[in-house]
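> Supplied in structure tokens, the structure appears directly below.
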Amino acid sequence: MPLIHHLAIRRAAALLLWLLLPLAAQAQAQAQAGRYSVWNADRSRAGALVIEPDGAGFVARYDYKNNGRGPTMVERYSLADDGTPLAYAASGTSTFGSPIDEQFSRDAGRVRWRSAADAGDAATSGAALYVAMAGSPAVDALAVAALAKAPGGSLPLWPSGRLRQQVLDRLVVRHGGQALALQLLVHTGLGFEPNYLWATDTAAPQLFALLYPGWYSLVQESWEPVIAELEARQRLAQGALFRQRALDWLRPLPGLTVLRNARVFDSSTAKLGPASDVLVFRGRITAVLPAGSADVPTPDTEIDAAGRVLLPGLFDMHDHAWPGNGGLHLAAGVTTVRDMGADNASVQRLIDDIGQRNVAYPQVVPAGFIEGQSAFSARMGIVVQTLTEAKAAVDWYAQRGYPQIKIYNSFPREHLAETVAHAHQRGLRVGGHVPAFLRADDVLAAGFDEISHINQLLLNFLVTPSTDTRTLDRFYLPAERLGTLDLDSAPVQDFIAQLKARGTVVDLTLMTFQFLQQRDGQAPAELAAVLHHLPPDVQRSARLGQMKIPDEATAQRYRAAVAKMREFTGRLYRAGVPLVAGTDNLPGLVLHSELIGYVQAGLTPAQ
């Protein structure tokens, strides 16, 4: 739901290639032509990509929908006689409904580009690639062919950087009496993580599949049955990278470790203590002694904190766990995350890998995701239709040690109360979204222990019995109307009192909803403090507005809505409603902004 979509977190930015290499336009267009189907983790269809030759270029049409949202776009490429693109235009709507309007041109040794967030005009010579912010996976098809011809499999990027392609693996797949030789490629140089692609193993390779295991699959049409085989092989390559990171990043501390001269923050009293020597044995703190104490034994390992503050590890209470995000979490001090929805097999595999030190990642506390069957379903966890199926899903999670289940938007409301009761009987907490056509009052009455997202709480005062919150209305309705909500009114005060009386925990993800007010070209509030440290392509894509905000009057309403969310947060805390800090956003970095958001809402830093 945040500024950076789950796929964009892994990929960080779309890539649009402007190849300044001698290549026939007809061959270039032919290399890109193809029809691809898009699939969710549960193998339900989620969209399509069609690339067709068009005169001296080609057209790419892309449509992807999951969880009631996703882009719909058309890209038009015009090619020179040598096969290099002379012009590009993208149009359509983004994941959250903002308009896509991006253009590129090359003429007389200059490149020019314009997007919703920026523009550029620069001299160029030689081969280069352009990082576009609105590109579909068609850009990967271009990348595969271009980098295969480039010396060393590497090309520079506009506005900055360099993209590299390597072959990691080869595989022959068979389906329908056909055999096809494929190669697993990896692209590095954009975003936070390598991008893995499958292409035909030929002199002029063509994109075959783009897989994010446990989330998303794009594959040439009619070859869908080989997705599982490709995923398994790709996981081996990714696993090797994750194991190497674990070796490089995780430092074993055998025996007794002493951390000297550390100022310990006691989170139970919200106080910062004097310099101390902290004893750690087998991963657990066994003593906190005054600095320089004679009682400190000779350690096996000694670390000088030099007066720095020692904090308990941070918890991100709203993560969507994926092993590639471990470095960002750990670097930000996040040592435990609560997974709030991912492919079950992937989460179980990740938990096992953490225990075996095959991946550098925080400890994971999983929440079992249960969704209802509909055209808007989020295809994570278990999708159900009947009460029997819902209870069986609860049992599946209980048998595997999950402490909580998460109910989602399309869950059948007629089965809600009995499902919650069954979960409680099995010892599981229950939380999540407010299912469509219900209000937060209804899920409290059904026994929810927790509600996720501040919009899900405040929609309580905005929806009607016919409001379908599986659509983008769950974002646009708060943005349009929250600014005028009277927080002193009896319905709001009664609702807050009910949350307090029931001890209902609130997982606000407050800073994620800053995207409601962000306009094109602006730095996102939740990343403003760190944006300049991030990869250049991530910085550019982060400046794209997600919502459709056509004028200043709309912008004012949306800013007022975000301010009202912040004010409501402060009122919840002062009323004694339990808050937990989660992000549902860029791993690690946004958690600090979430805590800053609570301070802006009236909490002290220590609180």
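The values are calculated or read from the model by the stated rules, or taken from the named source; none is laboratory data. Computed from a predicted structure; not experimentally measured. All Cβ positions, glycine included, derive from the backbone under ideal geometry; neighbour counts span all protein chains shown. What goes into the accessible areas is simple: the full protein's heavy atoms, side chains included, and nothing from ligands, DNA or RNA. Shrake-Rupley method; radii C 1.70, N 1.55, O 1.52, S 1.80 Å.
> Under a 1.4 Å probe, what is the accessible area of the stretch 143-289 per residue, stated in Å²? Before the final figure, lay out each step's value.
Working: 6960 Å² over 147 residues.
In whole numbers, the stretch 143-289 has 47 Å² accessible per residue.
> Taking every alpha carbon pair in the stretch 205-330, what does the distance histogram look like in 5 angstrom bins from 0, in percent?
Calculated over all Cα pairs of the stretch 205-330, the distribution is 2, 8, 13, 13, 13, 11, 9, 7, 6, 6, 6, 4, 2, 1, 0 percent.
> May I ask you to give the solvent-accessible area per residue for the stretch 487-607, in square angstrom, as obtained with a 1.4 angstrom probe?
Heavy-atom accessible area per residue stands at 39 Å².
> Using the alpha-carbon centroid of each, what span in Å lies between the stretch 193-238 and the stretch 515-532?
Using only Cα atoms, the two centres lie 33 Å from each other.
> Would you please calculate the Kirkwood hydrodynamic radius of the stretch 173-266 over all C-alpha pairs and express it in Å, rounded to one decimal? Each step should come with its number before you reach the end.
Working: mean 1/r = 0.0606 Å⁻¹.
Across the stretch 173-266, the inverse of the average 1/r is 16.5 Å.
> Can you show me the helix-derived [θ] at 222 nm for the chain, built from DSSP H runs with n ≥ 4 at -39,500 (n - 2.57) apiece and divided by the number of residues, rounded to the nearest 500.
On the way: 15 runs with 167 residues, N = 607.
-8500 deg cm²/dmol, from helical runs alone.
> Given the C-alpha centroids of the stretch 259-275 and the stretch 579-607, what is the distance between them in whole angstrom?
When both Cα centres are located, 21 Å separates them.
> Further question on the same structure: Figure the gain on full extension for residue 125 and residue 101 (residue separation times 0.36 nm, minus the Cα-Cα span) and round it to one decimal in nm.
6.0 nm
> Give the shape of the stretch 355-453 as rounded, prolate or oblate, defined through the alpha-carbon gyration tensor: a ≥ b ≥ c are the square roots of its eigenvalues, a/c under 1.5 means rounded, and otherwise the shape is prolate if a/b is larger than b/c and oblate if not.
Note, shape of the stretch 355-453 comes out prolate.
> To the nearest 20 debye, what charge dipole does the stretch 437-584 have about its Cα centre, counting +1 at the Cβ of each Lys and Arg and -1 at the Cβ of each Asp and Glu? Numbers along the way, then the final one.
Numbers: 16 positive and 18 negative charges, 51 e Å.
So the magnitude is around 240 debye.
> Please state the shape class of the stretch 79-226: rounded when a/c is under 1.5, otherwise prolate if a/b exceeds b/c and oblate if not, all from the C-alpha gyration tensor.
prolate
> In the stretch 203-300, what trypsin sites (Lys or Arg not before Pro) fall in a loop by DSSP, with at most 11 other Cβ atoms inside 10 Å?
Values: sites: 233, 235, 243, 245, 260, 263, 271, 282, 284; in loops: 282.
For trypsin sites (Lys or Arg not before Pro) across the stretch 203-300 that sit outside H, G, I, E and B with at most 11 neighbouring Cβ atoms in 10 Å, the list reads 282.
> Would you mind working out the magnitude of the charge dipole of the stretch 210-298 relative to its Cα centre, with +1 at each Lys and Arg C-beta and -1 at each Asp and Glu C-beta, to the nearest 20 Debye? Please report the intermediate quantities before stating the final value.
On the way: 10 positive and 8 negative charges, 94 e Å.
That gives the stretch 210-298 a dipole magnitude of about 460 debye.
> Within the set of other residues whose C-beta is less than 15 Å from the C-beta of residue 69, count the net charge using Lys and Arg as +1 and Asp and Glu as -1. Before the final figure, lay out each step's value.
Values: positive: 65, 379, 470, 474, 548; negative: 63, 371, 468, 473, 584.
Net charge around residue 69: 0.
> Can you give me the accessible area per residue for the stretch 313-437, using a 1.4 Å probe, in Å²? Show your work: numbers first, answer last.
Values: 4440 Å² over 125 residues.
Here the per-residue accessible area is 36 Å².
> For residue 488 and residue 272, what is the calculated FRET efficiency with R₀ set at 45 Å and r taken between the beta-carbons, to the nearest 0.05?
Details: r = 36 Å, r/R0 = 0.80.
E(calc), rounded to 0.05, equals 0.80.
> Once neighbouring chains are kept in place and the probe is 1.4 Å, which whole percent of the accessible area of the chain is contributed by carbon and sulfur? Mind showing how you got there, number by number?
On the way: 12750 of 24170 Å².
Result for the chain: 53 percent of the exposed heavy-atom area is carbon or sulfur.
> Let me ask something else about it. Please determine, in degrees from 0 to 90 and to the nearest 10, the orientation of helix 416-425 with respect to the longest principal axis defined by the Cα atoms of the chain, where the helix direction is its Cα long axis.
Helix 416-425 and the main axis of the chain meet at about 60 degrees.
> Now for a separate question. Is there a quick way to get the dipole size of the chain? I mean about its Cα centre, with the Cβ of Lys and Arg at +1 and of Asp and Glu at -1; what is the value in debye to the nearest 20?
Details: 55 positive and 57 negative charges, 99 e Å.
Once rounded to the nearest 20, the dipole reads 480 debye.
> Given the convex hull over the Cα atoms of the stretch 311-419, what projected area results after averaging over all orientations, in nm²?
Values: hull surface 29.9 nm².
Spelled out: convex hull of the Cα atoms, projected over all directions, averaged, 7.5 nm².
> Using the Cα gyration tensor of the stretch 521-589, with a ≥ b ≥ c the square roots of its eigenvalues, what is the shape: rounded (a/c below 1.5), prolate (a/b larger than b/c) or oblate (neither)? Intermediate results must be reported in sequence, preceding the final value.
Values: a/c = 3.07, a/b = 1.28, b/c = 2.40.
Oblate.
> Based only on Cα atoms, what mean projected area does the convex hull of the stretch 399-517 have, in nm²? Numbers along the way, then the final one.
Numbers: hull surface 31.8 nm².
Orientation-averaged projected area of the Cα hull: 7.9 nm².
> Picking from 367, 238, 306, whose Cα lies most toward the positive end of the charge dipole for the chain (charges on Cβ: Lys, Arg +1; Asp, Glu -1)?
Among 367, 238, 306, the one farthest towards the positive end of the dipole of the chain is 306.
> In the chain, if the dipole is taken from +1 on Lys/Arg beta carbons and -1 on Asp/Glu beta carbons about the Cα centre, which of 120, 293, 279 is farthest to the positive end?
293
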